[in-house]
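Peer 1: Sharing a structure below in C-alpha coordinates format, with a few things to ask.
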Amino acid sequence: YETLTFERDGAVAIITLNRPDAANSLNVPMSEELVKVATHCDSNPDIRAVVFTGKGKMFSAGGDLNSFAAQGENMGEYMRYATTGLHAAIARFARMNAPFLVAVNGVAAGAGFSMAICGDMVFAAQSAKFTQAYTKVGVSPDGSSTYFLPRLVGHVKAMQLILMNDVLTAEQALQWGLVNEVLPDAELMPRVMAVAHQLAAGPTLAFGEAKRLVTDSLNHTLETQMELETRAISGLVRASEDAPTAIRAFAAKQKAEF
(Lines give C-alpha, C1' and ligand atoms only; values in the text may rest on other atoms or scores of the structure.)
Protein backbone atom coordinates (compact mmCIF):
# COMPACT_ATOMS: atom_id res chain seq x y z
CA TYR A 1 0.00 0.00 0.00
CA GLU A 2 1.08 3.56 -0.76
CA THR A 3 -1.66 5.66 0.81
CA LEU A 4 -2.34 3.60 3.92
CA THR A 5 -0.65 1.03 6.14
CA PHE A 6 -2.01 -2.37 7.12
CA GLU A 7 -0.81 -4.20 10.22
CA ARG A 8 -1.90 -7.17 12.28
CA ASP A 9 -1.79 -7.50 16.05
CA GLY A 10 -3.02 -11.04 16.48
CA ALA A 11 -6.66 -11.14 15.40
CA VAL A 12 -6.86 -7.34 15.20
CA ALA A 13 -6.13 -5.54 11.93
CA ILE A 14 -4.99 -1.90 12.02
CA ILE A 15 -5.59 0.30 8.97
CA THR A 16 -3.93 3.72 9.05
CA LEU A 17 -4.46 6.44 6.46
CA ASN A 18 -0.92 7.37 5.51
CA ARG A 19 -0.79 10.65 3.61
CA PRO A 20 0.07 12.94 6.52
CA ASP A 21 1.71 15.55 4.28
CA ALA A 22 -1.61 15.81 2.41
CA ALA A 23 -3.77 15.75 5.56
CA ASN A 24 -4.63 12.08 4.84
CA SER A 25 -6.90 13.32 2.07
CA LEU A 26 -8.68 10.96 -0.31
CA ASN A 27 -7.45 10.58 -3.88
CA VAL A 28 -8.04 7.79 -6.40
CA PRO A 29 -5.10 5.64 -5.21
CA MET A 30 -6.38 5.81 -1.63
CA SER A 31 -9.89 4.94 -2.79
CA GLU A 32 -8.58 1.89 -4.64
CA GLU A 33 -6.49 0.78 -1.67
CA LEU A 34 -9.38 1.24 0.78
CA VAL A 35 -11.64 -1.15 -1.12
CA LYS A 36 -8.76 -3.60 -1.45
CA VAL A 37 -7.99 -3.62 2.28
CA ALA A 38 -11.68 -3.66 3.23
CA THR A 39 -12.24 -6.68 1.00
CA HIS A 40 -9.29 -8.45 2.64
CA CYS A 41 -10.64 -7.76 6.12
CA ASP A 42 -14.09 -8.99 5.08
CA SER A 43 -12.67 -12.15 3.49
CA ASN A 44 -10.12 -13.25 6.11
CA PRO A 45 -11.73 -15.14 9.02
CA ASP A 46 -8.57 -14.72 11.09
CA ILE A 47 -9.31 -10.98 11.30
CA ARG A 48 -11.83 -10.60 14.13
CA ALA A 49 -11.68 -6.84 14.73
CA VAL A 50 -10.49 -3.88 12.64
CA VAL A 51 -9.12 -0.55 13.88
CA PHE A 52 -9.16 2.41 11.48
CA THR A 53 -7.21 5.63 12.12
CA GLY A 54 -4.98 8.28 10.55
CA LYS A 55 -1.26 9.02 10.73
CA GLY A 56 -0.05 12.35 12.06
CA LYS A 57 -2.08 15.20 13.51
CA MET A 58 -5.14 14.80 11.29
CA PHE A 59 -7.55 11.94 10.81
CA SER A 60 -8.49 13.06 7.28
CA ALA A 61 -9.27 16.39 5.66
CA GLY A 62 -11.57 14.68 3.18
CA GLY A 63 -11.19 14.72 -0.57
CA ASP A 64 -7.86 15.74 -2.08
CA LEU A 65 -9.05 18.98 -3.68
CA ASN A 66 -5.69 19.55 -5.36
CA SER A 67 -5.97 16.25 -7.20
CA PHE A 68 -9.57 17.08 -8.13
CA ALA A 69 -8.65 20.51 -9.47
CA ALA A 70 -5.81 19.04 -11.54
CA GLN A 71 -8.31 17.01 -13.60
CA GLY A 72 -9.70 20.03 -15.40
CA GLU A 73 -12.77 19.05 -17.43
CA ASN A 74 -12.49 15.46 -16.17
CA MET A 75 -13.01 16.48 -12.54
CA GLY A 76 -16.49 14.97 -12.33
CA GLU A 77 -15.38 11.63 -13.74
CA TYR A 78 -12.37 11.53 -11.39
CA MET A 79 -14.59 12.29 -8.37
CA ARG A 80 -17.09 9.66 -9.46
CA TYR A 81 -14.35 7.02 -9.58
CA ALA A 82 -12.85 8.12 -6.25
CA THR A 83 -16.19 7.87 -4.47
CA THR A 84 -16.89 4.44 -5.99
CA GLY A 85 -13.95 2.85 -4.18
CA LEU A 86 -14.62 4.73 -0.94
CA HIS A 87 -18.25 3.66 -0.93
CA ALA A 88 -17.43 0.03 -1.67
CA ALA A 89 -14.96 0.02 1.24
CA ILE A 90 -17.46 1.52 3.69
CA ALA A 91 -20.09 -1.04 2.64
CA ARG A 92 -17.60 -3.87 3.30
CA PHE A 93 -16.69 -2.46 6.71
CA ALA A 94 -20.36 -2.02 7.65
CA ARG A 95 -21.41 -5.56 6.79
CA MET A 96 -18.35 -7.68 7.53
CA ASN A 97 -18.41 -9.88 10.62
CA ALA A 98 -15.46 -8.21 12.36
CA PRO A 99 -16.31 -5.15 14.47
CA PHE A 100 -15.03 -1.93 12.85
CA LEU A 101 -13.56 0.54 15.35
CA VAL A 102 -12.63 4.08 14.27
CA ALA A 103 -9.98 6.03 16.21
CA VAL A 104 -10.32 9.71 15.27
CA ASN A 105 -6.89 11.11 16.07
CA GLY A 106 -7.41 14.66 14.79
CA VAL A 107 -9.49 16.75 12.41
CA ALA A 108 -12.14 14.82 10.45
CA ALA A 109 -13.54 16.95 7.62
CA GLY A 110 -15.55 16.16 4.50
CA ALA A 111 -15.01 12.53 3.55
CA GLY A 112 -12.90 12.30 6.70
CA PHE A 113 -16.03 13.15 8.69
CA SER A 114 -17.92 10.47 6.77
CA MET A 115 -15.25 7.84 7.43
CA ALA A 116 -15.08 8.85 11.09
CA ILE A 117 -18.76 8.25 11.85
CA CYS A 118 -19.27 4.98 9.93
CA GLY A 119 -17.64 2.81 12.59
CA ASP A 120 -19.44 0.27 14.73
CA MET A 121 -17.77 2.12 17.60
CA VAL A 122 -16.04 5.49 17.35
CA PHE A 123 -13.38 6.84 19.71
CA ALA A 124 -12.02 10.39 19.52
CA ALA A 125 -8.90 12.07 20.84
CA GLN A 126 -9.56 15.26 22.76
CA SER A 127 -7.86 17.22 19.97
CA ALA A 128 -10.22 15.83 17.32
CA LYS A 129 -12.63 18.10 15.48
CA PHE A 130 -15.51 17.23 13.18
CA THR A 131 -16.93 19.26 10.29
CA GLN A 132 -18.86 18.41 7.14
CA ALA A 133 -17.14 21.08 5.01
CA TYR A 134 -18.62 19.80 1.73
CA THR A 135 -20.82 22.78 0.93
CA LYS A 136 -17.90 25.13 1.61
CA VAL A 137 -16.52 24.02 -1.76
CA GLY A 138 -19.88 23.74 -3.46
CA VAL A 139 -20.41 19.98 -3.29
CA SER A 140 -22.82 17.70 -1.46
CA PRO A 141 -21.78 15.04 1.07
CA ASP A 142 -20.52 11.58 0.11
CA GLY A 143 -18.84 8.70 1.91
CA SER A 144 -22.09 7.53 3.59
CA SER A 145 -22.59 10.57 5.82
CA THR A 146 -26.09 11.26 4.48
CA TYR A 147 -26.95 7.70 5.60
CA PHE A 148 -25.28 7.59 9.01
CA LEU A 149 -25.53 11.23 10.10
CA PRO A 150 -29.34 11.57 10.27
CA ARG A 151 -29.53 8.18 11.97
CA LEU A 152 -27.09 9.35 14.62
CA VAL A 153 -28.26 12.93 15.25
CA GLY A 154 -31.63 13.27 13.52
CA HIS A 155 -32.71 15.16 10.41
CA VAL A 156 -32.60 18.69 11.84
CA LYS A 157 -29.10 18.47 13.31
CA ALA A 158 -27.81 16.60 10.26
CA MET A 159 -28.97 19.43 8.02
CA GLN A 160 -27.44 21.99 10.37
CA LEU A 161 -24.05 20.32 10.10
CA ILE A 162 -24.33 20.01 6.32
CA LEU A 163 -25.60 23.52 5.63
CA MET A 164 -23.73 25.50 8.28
CA ASN A 165 -20.49 23.49 8.41
CA ASP A 166 -20.31 23.74 12.19
CA VAL A 167 -17.02 22.58 13.67
CA LEU A 168 -17.64 20.24 16.58
CA THR A 169 -15.07 19.55 19.24
CA ALA A 170 -14.61 15.97 20.39
CA GLU A 171 -16.71 16.67 23.48
CA GLN A 172 -19.49 18.17 21.36
CA ALA A 173 -19.33 15.15 19.05
CA LEU A 174 -19.79 12.96 22.13
CA GLN A 175 -22.80 15.01 23.26
CA TRP A 176 -24.33 14.81 19.77
CA GLY A 177 -23.94 11.02 19.72
CA LEU A 178 -21.30 10.84 16.99
CA VAL A 179 -18.67 9.09 19.12
CA ASN A 180 -18.64 6.58 21.97
CA GLU A 181 -15.73 7.94 23.99
CA VAL A 182 -13.36 10.92 24.13
CA LEU A 183 -9.86 10.24 25.41
CA PRO A 184 -6.64 12.15 26.01
CA ASP A 185 -4.63 11.99 22.80
CA ALA A 186 -1.97 9.70 24.25
CA GLU A 187 -4.62 7.27 25.52
CA LEU A 188 -6.61 6.97 22.28
CA MET A 189 -4.88 4.04 20.60
CA PRO A 190 -4.21 2.00 23.79
CA ARG A 191 -7.92 2.22 24.65
CA VAL A 192 -9.09 1.38 21.12
CA MET A 193 -6.71 -1.56 20.86
CA ALA A 194 -7.88 -2.88 24.24
CA VAL A 195 -11.49 -2.79 23.06
CA ALA A 196 -10.52 -4.34 19.72
CA HIS A 197 -8.80 -7.28 21.40
CA GLN A 198 -11.76 -7.73 23.73
CA LEU A 199 -14.11 -7.91 20.74
CA ALA A 200 -11.71 -10.12 18.78
CA ALA A 201 -12.09 -12.72 21.52
CA GLY A 202 -15.87 -12.62 21.19
CA PRO A 203 -18.48 -14.29 18.94
CA THR A 204 -17.47 -12.85 15.55
CA LEU A 205 -20.35 -14.44 13.62
CA ALA A 206 -22.89 -13.07 16.08
CA PHE A 207 -21.29 -9.62 15.83
CA GLY A 208 -21.62 -9.78 12.06
CA GLU A 209 -25.30 -10.72 12.19
CA ALA A 210 -25.94 -7.91 14.70
CA LYS A 211 -24.13 -5.39 12.48
CA ARG A 212 -26.17 -6.30 9.43
CA LEU A 213 -29.45 -6.30 11.35
CA VAL A 214 -28.83 -2.83 12.74
CA THR A 215 -27.51 -1.40 9.46
CA ASP A 216 -30.61 -2.48 7.55
CA SER A 217 -33.19 -2.00 10.32
CA LEU A 218 -34.70 1.30 9.15
CA ASN A 219 -35.42 -0.16 5.72
CA HIS A 220 -37.85 -2.75 7.10
CA THR A 221 -41.19 -2.97 8.85
CA LEU A 222 -41.29 -4.20 12.44
CA GLU A 223 -42.54 -7.63 11.38
CA THR A 224 -39.91 -8.00 8.65
CA GLN A 225 -37.15 -6.98 11.03
CA MET A 226 -38.29 -9.46 13.67
CA GLU A 227 -38.40 -12.26 11.09
CA LEU A 228 -34.82 -11.38 10.09
CA GLU A 229 -33.86 -11.48 13.77
CA THR A 230 -35.40 -14.94 14.09
CA ARG A 231 -33.55 -16.21 11.04
CA ALA A 232 -30.27 -14.71 12.23
CA ILE A 233 -30.36 -16.03 15.80
CA SER A 234 -31.46 -19.53 14.78
CA GLY A 235 -29.02 -19.57 11.89
CA LEU A 236 -26.13 -18.86 14.23
CA VAL A 237 -26.86 -22.08 16.10
CA ARG A 238 -26.42 -24.01 12.86
CA ALA A 239 -23.55 -21.94 11.41
CA SER A 240 -20.89 -22.79 13.99
CA GLU A 241 -20.30 -24.18 17.45
CA ASP A 242 -20.00 -20.69 18.96
CA ALA A 243 -23.61 -20.35 20.08
CA PRO A 244 -24.28 -23.92 21.25
CA THR A 245 -20.97 -24.06 23.13
CA ALA A 246 -21.53 -20.67 24.78
CA ILE A 247 -25.10 -21.54 25.77
CA ARG A 248 -23.98 -24.81 27.34
CA ALA A 249 -21.12 -23.01 29.13
CA PHE A 250 -23.52 -20.41 30.54
CA ALA A 251 -25.87 -23.14 31.75
CA ALA A 252 -22.91 -24.85 33.45
CA LYS A 253 -21.78 -21.52 34.96
CA GLN A 254 -18.55 -21.64 32.94
CA LYS A 255 -16.85 -19.00 30.82
CA ALA A 256 -17.61 -19.26 27.11
CA GLU A 257 -14.72 -19.51 24.65
CA PHE A 258 -15.22 -18.38 21.05
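Peer 1: Ignoring ligands and nucleic acids, what accessible area does TYR81 show with a 1.4 Å probe (Å², nearest 10)?
Peer 2: Near enough 120 Å² of accessible area.
Peer 1: Using 0.36 nm per residue of separation minus the Cα-Cα distance, give me the extension gain between ALA239 and GLN126 in nm, one decimal. Each step should come with its number before you reach the end.
Peer 2: Working: separation 113, 0.36 × 113 = 40.68 nm, distance 4.13 nm.
Roughly 36.5 nm would be gained on extension.
Peer 1: Which value, in Å to one decimal place, does the Kirkwood hydrodynamic radius take for the stretch 202-258 when every pair of different Cα atoms is included?
Peer 2: Working: mean 1/r = 0.0815 Å⁻¹.
Taking every pair of different Cα atoms in the stretch 202-258, averaging 1/r and inverting gives 12.3 Å.
Peer 1: Residues in the stretch 115-157 near a label at LEU163, defined as backbone nitrogen under 11 Å from the 7 Å Cα→Cβ point?
Peer 2: It comes to 156-157, nothing else.
Peer 1: Going by alpha carbons, how many degrees (0 to 90, nearest 10) lie between the helix axis of 242-251 and the longest principal axis of the chain?
Peer 2: Approximately 50 degrees, to the nearest 10.
Peer 1: Right, something else. If the cut-off is 26 Å between C-alpha atoms, which lysines fall inside it for LYS211, apart from same-chain ones fewer than 8 positions away?
Peer 2: Result set, ordered by chain and number: LYS36, LYS157, LYS255.
Peer 1: List the residues whose amide H sits under 5 Å from the amide H of PHE52, counting only those 5 or more places along or on another chain, with H placed 1.01 Å from N in the peptide plane.
Peer 2: Distant-sequence amide H within range of PHE52: ILE15, LEU101, VAL102, ALA103.
Peer 1: Sticking with this one: Among ASN66, MET96, MET79, whose Cα sits farthest toward the positive end of the charge dipole of the stretch 1-106 (+1 at Cβ of Lys/Arg, -1 at Cβ of Asp/Glu, about the Cα centre)?
Peer 2: MET96
Peer 1: Among the aspartates and glutamates, select those whose C-alpha is under 12 Å from the C-alpha of LYS57, and discard any that sit fewer than 8 residues away in the same chain.
Peer 2: Within reach: ASP21, ASP185.
Peer 1: May I pose another question? Given the -39500 (n - 2.57) contribution per DSSP H run of 4+ residues, what per-residue ellipticity at 222 nm results for the chain, rounded to the nearest 500 deg cm²/dmol?
Peer 2: -15500 deg cm²/dmol
Peer 1: Now for a separate question. Calculate one ³J(HN,Hα) per residue across the stretch 193-205 by plugging θ = phi - 60° into the Karplus curve 6.51 cos²θ - 1.76 cosθ + 1.60, and present them in order as whole Hz with x for glycine and proline.
Peer 2: 5, 5, 5, 4, 5, 4, 5, 5, 8, x, x, 4, 5
Peer 1: Put HIS155, HIS197 in order of accessible area, largest first, 1.4 Å probe: what do you get?
Peer 2: Ranked list, largest accessible area first: HIS155, HIS197.
Peer 1: Okay, next question. Can you list the residues, at least 5 places off or on another chain, whose amide H is less than 5 Å from the amide H of LEU183, using H built in the peptide plane?
Peer 2: Amide H neighbours of LEU183, under 5 Å, 5+ apart: ALA124, ALA125, GLN126.
Peer 1: Right, next: Can you work out the Karplus-derived ³J(HN,Hα) for every residue in the stretch 131-136? Use 6.51 cos²θ - 1.76 cosθ + 1.60 with θ = phi - 60°, whole Hz, and x for glycine or proline.
Peer 2: 8, 5, 6, 4, 5, 4
The values are calculated or read from the model by the stated rules, or taken from the named source; none is laboratory data. Every value quoted in this text rests on a predicted model; they were computed, and no experiment measured them. Here Cβ is always computed from backbone atoms with ideal geometry, including for glycine, and neighbour counts include all displayed protein chains. The accessibility values were calculated without ligands, DNA or RNA, using every heavy atom of the protein model including side chains. Shrake-Rupley method; radii C 1.70, N 1.55, O 1.52, S 1.80 Å.
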